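The structure under discussion appears below in the form of structure tokens.
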Amino acid sequence: DYTYTPQNFSLKFKWPVTVATALAESLNVPAVKTAHQLWTEKLLKFLRDDLRMTALKKSSDFYGLALTLGVGDMSLYQLTRAFGVFSNHWEICDLKLYSNQKSSCKKVIDSKYTDMIEKILSSRFLRFPAFPMLSNLDFEDRFVVLKSGTSRKFSDNRIVGYTENFLIGVWVWNKDGSPMKWVSWASGAGDLFKKIVEELEPKTQGNLQQNMISYDQEVWPYLQITNPLESSVYKISNQIPFDYQSLALQFATNISYDSFQRQINWKNIEKTWDLAPGIHVISLILSSQGEPVAKSQSHITVELE
């Protein structure tokens, strides 16, 4: 018998989490569990009738619980229009192609729920574990509400979101529908989304309190490898001396420490490391008075051109 066994994008299981954490970090398992409790038929009806996702033409039995993870075919227009519910504060509106075009709107969700989701999806603080600082989906100086998504077999990835003035949808895929090797939200749709946001929206002059990651240890101790970022892919060439193809290892933390160790594949290194082909584990260990107090890891791939 076939048993549906959804996994998170990281392929790692997390212990019980809050709704805010599950949504902000884009965890798949909690989403599927919610769909199970809600019933797929109700979810499909809401998507079709209220959010106008008419591309979902199959039955709820056809989609199953995977519907909540985007198993159904969907145009970027319909997906972006549906996400506009949050920017329009409870109304879904047809997107206007011209400035003088009238837009048909309909109330579909109570504003208290859309406001709650907006607060979650605009918070750097909540997104931080899944979307690292300095990554393409980290916006320190702009108000941005966003959600990432990846289709089955990594055949595409997309970002939908909005700023103070713009609703934005980005979709990246291979024309032949083949899986995009080593292309995730960070290097695919996320890269384009960040460039679009920075081109359209100036830096916010006000105080974006929800975008501030606190350095107060009592709020949330953290340790983040900021370079290289998780799942980064590097290219090296035989035409260039390997000694000139190195990587600087950097991190950010609010944890008190007096010494640290940088490791590549569990071997200590200095600040820089000469790139070598293969899949590598980057480790960082903070210590205080000779005892480890925090550890962080990331994984990178180095390919030979």
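Scan the range 31-54 for residues that are under 15 Å from S151 (Cβ atoms) and open to solvent by 40 Å² or more (accessible area, probe 1.4 Å) and report the count.
Total satisfying the criteria: 0.
With respect to A20, is the statement that it is of a type in the set (G, A, S), open to solvent by less than 80 Å² (accessible area, probe 1.4 Å) and without any contact (Cβ under 8 Å) to a residue 40 or more places away in the chain true?
no
Looking at the structure I just gave you, is V108 within 25 Å of L43 (Cβ to Cβ), touching a helix residue (DSSP H, G or I) at 6+ places or on another chain (Cβ under 9 Å), at pLDDT 85 or above and open to solvent by less than 20 Å² (accessible area, probe 1.4 Å)?
No, not satisfied.
In the range 78-93, which residues are open to solvent by 30 Å² or more (accessible area, probe 1.4 Å) and either touching a strand residue (DSSP E or B) at 6+ places or on another chain (Cβ under 8 Å) or closer than 9 Å to L51 by Cβ (or both)?
Once the filter is applied, which keeps residues that are open to solvent by 30 Å² or more (accessible area, probe 1.4 Å) and either touching a strand residue (DSSP E or B) at 6+ places or on another chain (Cβ under 8 Å) or closer than 9 Å to L51 by Cβ (or both), the range 78-93 yields L79, F86, S87, N88, W90, E91.
Mind checking which residues of the range 111-129 are at pLDDT below 80, charged (D, E, K, R) and more than 19 Å from the chain's Cα centre (by Cα)?
Of everything in the range 111-129, just one residue is at pLDDT below 80, charged (D, E, K, R) and more than 19 Å from the chain's Cα centre (by Cα), namely K112.
What pairs come out if I take residues in the range 23-36 that are at positive phi and pair them with residues that are not in a helix (DSSP H, G or I) whose C-beta lies under 8 Å away, six or more apart or interchain?
Between residues of the range 23-36 that are at positive phi and residues that are not in a helix (DSSP H, G or I), the close pairs are S26/F9; S26/A130; S26/K147; S26/S148; S26/G149.
Step by step: first the residues of the range 130-175, then only those that are open to solvent by 40 Å² or more (accessible area, probe 1.4 Å) and more than 27 Å from H299 (Cβ to Cβ), then the one that is modelled with the lowest pLDDT. Which residue is that?
Only one residue tops the list, namely K175.
Looking only at residues that are part of a loop (DSSP other than H, G, I, E, B), over 15 Å from A248 (Cβ atoms) and open to solvent by 60 Å² or more (accessible area, probe 1.4 Å) in the range 265-305, which one is modelled with the lowest pLDDT?
Per the criteria, the residue is E305.
Scan (1) modelled with pLDDT of 85 or more; (2) of a type in the set (F, W, Y); (3) within 15 Å of the chain's Cα centre (by Cα) for the single condition Y234 breaks and write down its number.
(3)
Tally the residues that are in a helix (DSSP H, G or I) and free of Cβ contacts under 8 Å to residues at least 60 places away in the same chain, restricting the search to the range 78-107.
Number satisfying all stated conditions: 4.
The values are calculated or read from the model by the stated rules, or taken from the named source; none is laboratory data. This one's a predicted model, so the numbers in the text were calculated from it and none came from an experiment. Note that we place each Cβ from the backbone using ideal geometry, even for glycine, and neighbour counts take in every protein chain shown. Heads up: the accessible areas ignore ligands, DNA and RNA and are worked out on the full protein's heavy atoms, side chains in. Shrake-Rupley method; radii C 1.70, N 1.55, O 1.52, S 1.80 Å.
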